[in-house]
Amino acid sequence: MYAQGLINASGDPNAAETTEQLARFQARIDAEEKIEARDWMPAAYRKTLIRQISQHAHSEIIGMQPEGNWVTRAPSLRRKASLLAKVQDEGGHGLYLYAAAETLGISREEMQDQLLSGAAKYSSIFNYPTLTWADIGAIGWLVDGAAIMNQIPLCRCSYGPYARAMVRVCKEESFHQRQGYEIMTTLAQGAPAQKAMAQDALNRWWTPSVMMFGPPDTDSVHSDQSMTWKIKRFTNDALRQRFVDATVPQAGYLGLTVPDPDCKWNDAAQHYDIGPLDWDDFWKVVKGGGPMNRQRIAARQKADDEGAWVREAALAYAAKRSVLMEAAE
Amino acid sequence: MSDRARLPLWEVFIRPRNGLAHRHVGSVHASDAEMALMAARDVYTRRGEGRSIWVAPATAIAASDPDEKAEMFDPADDKTYRQPTDYHVPKEVGDM
């Protein structure tokens, strides 16, 4: 039940939480019970989820931009249709997620304001430009591939509405990753210039994709509590390792090289090792210093401003019609 | 607080195919029922997930209170005489 008027009955952040309430809540989590919108929950659990789900929704919505950039220049009708469908899916994912966050007592309008004002963040990956068609392949393969690794465990998240939204999202992401890899395969098997374009895209998207899992476990502020609440099921580093292990052989199949001289198979660990990551750069991009941060928010603001009259007109029409219908009764 | 126009919330129910009941799938914001149906179609049925859509204003749904779960549902738990397995049928009679 997503009804907005009913939620937040017990969500007053100022209400004192007794040890007993907290223990009972944790016992439900430990028993793998799902928490639903109107159930009692600690204010911090609610706050963490609002932050995470809205950030996730914003990422989907902002993520439409780097790919939308290539819709009109896709190399064939099939590629254009599939890219358009993918971008539409991202919009849909954003909407499922905004709806899930709304069950926690925040309105979609508040979330949109937080995005536009910079108060809310989104995935730093979308602050990089899509310079060539190969970037569309690399995004589908790497960015959506990393997103899937992150999102599959979220289907089992303790908060019911988020978990259900993620089930839908994951089903659709699989198409995204496969269409990306197909683009990469075509380029990698094409003319030398095409293969070079694919390698260049991999060079630019690899590190940001590996960083999508967030800071290392040693520096991750929110990780421990989120694991205890079963919002998160695996740590950032565990998911990152899983992504690297799955993706390096896929690059090998394409005949492309992962741009990390330290990336090699570790037979003892049965994993691929990777070199150190520049987390200062990551934080710089998250906080607004990436190549595209300003353009992304400006484009979002423009779409919002230009859509305002449509929302107002639709509401005016609905109000006028309901008056007419009442008069006719 | 935002000054943007607030579109009402609608709950979306989809029938995957004839023979099955409509099932709650999520919600959309829209100015009226017609727009809510269009939004629900675009958001929730991009891959043939449905053959019929219902939308209802979220404010029109009344829900039971989770804090009263016990009073509401426990009385059904100890009435095993409502279950077929509560009754003994002689083996000779066979399946019933």
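The values are calculated or read from the model by the stated rules, or taken from the named source; none is laboratory data. Please read all numbers here as calculations on a predicted model, not as lab measurements. Positions of Cβ are generated from backbone atoms using ideal geometry, with glycine treated the same way; all protein chains shown enter the neighbour counts. To get the accessible areas, we keep the full protein, side chains included, count just its heavy atoms, and leave off ligands, DNA and RNA. Shrake-Rupley method; radii C 1.70, N 1.55, O 1.52, S 1.80 Å.
Please report, to one decimal in angstroms, the Kirkwood hydrodynamic radius of the protein assembly as shown built from all distinct Cα-Cα pairs.
So the Kirkwood estimate lands at 24.1 Å.
Given the protein chains as shown and a 1.4 Å probe, how many square angstrom of A:His56 are accessible, to the nearest 10?
30 Å²
Within 10 Å of each Cβ of B:23-35, how many other protein chain Cβ atoms are there on average?
6
Determine the shielding of peptide A:82-91 by partner chains: average, over its residues, the number of Cβ atoms on other chains within 10 angstrom of each Cβ.
1
Tally Lys/Arg at +1 and Asp/Glu at -1 over every other residue whose Cβ is under 15 Å from the Cβ of B:Asp74; what's the total?
Around B:Asp74, the charge tally is -3.
Which lysines have a Cα lying under 23 Å from the Cα of A:Lys232, excluding residues fewer than 8 positions away in the same chain?
Partners within reach: A:Lys34, A:Lys47, A:Lys121, A:Lys171.
To the nearest 20 debye, what charge dipole does the stretch B:6-65 have about its Cα centre, counting +1 at the Cβ of each Lys and Arg and -1 at the Cβ of each Asp and Glu?
In debye, rounded to 20, the stretch B:6-65 gives about 340.
Please give the helix A:236-254 orientation as an angle from the longest Cα principal axis of chain A, in degrees from 0 to 90, rounded to the nearest 10.
40 degrees
Sort A:156-168, A:106-118 for me by packing, meaning the mean count of neighbouring Cβ atoms within 10 Å per residue, highest on top.
Sorting A:156-168, A:106-118 by mean packing, highest first, produces A:156-168, A:106-118.
Would you be so kind as to identify which of A:Gly63, A:Ile53, A:Ala85 lies farthest towards the positive end of the dipole of the stretch A:11-93, taking Lys and Arg as +1 and Asp and Glu as -1 on Cβ and the Cα centre as origin?
Positive-most Cα among the choices belongs to A:Ala85.
Using a cut-off of 10 Å between beta-carbons, work out the net charge of the residues near A:His271 (Lys and Arg +1, Asp and Glu -1, A:His271 not included).
Within the 10 Å Cβ shell, the charges total -2.
Select from B:Met38, B:Ala60, B:Leu7 the residue farthest towards the positive end of the dipole of chain B; place +1 on Cβ of Lys and Arg, -1 on Cβ of Asp and Glu, and compute about the Cα centre.
B:Met38
Rounded to the nearest Å, what's the spacing between the alpha carbon centres of the stretch A:155-176 and the stretch A:277-318? Just the number, please.
Taking the Cα centre of each part, the stretch A:155-176 and the stretch A:277-318 sit 24 Å apart.
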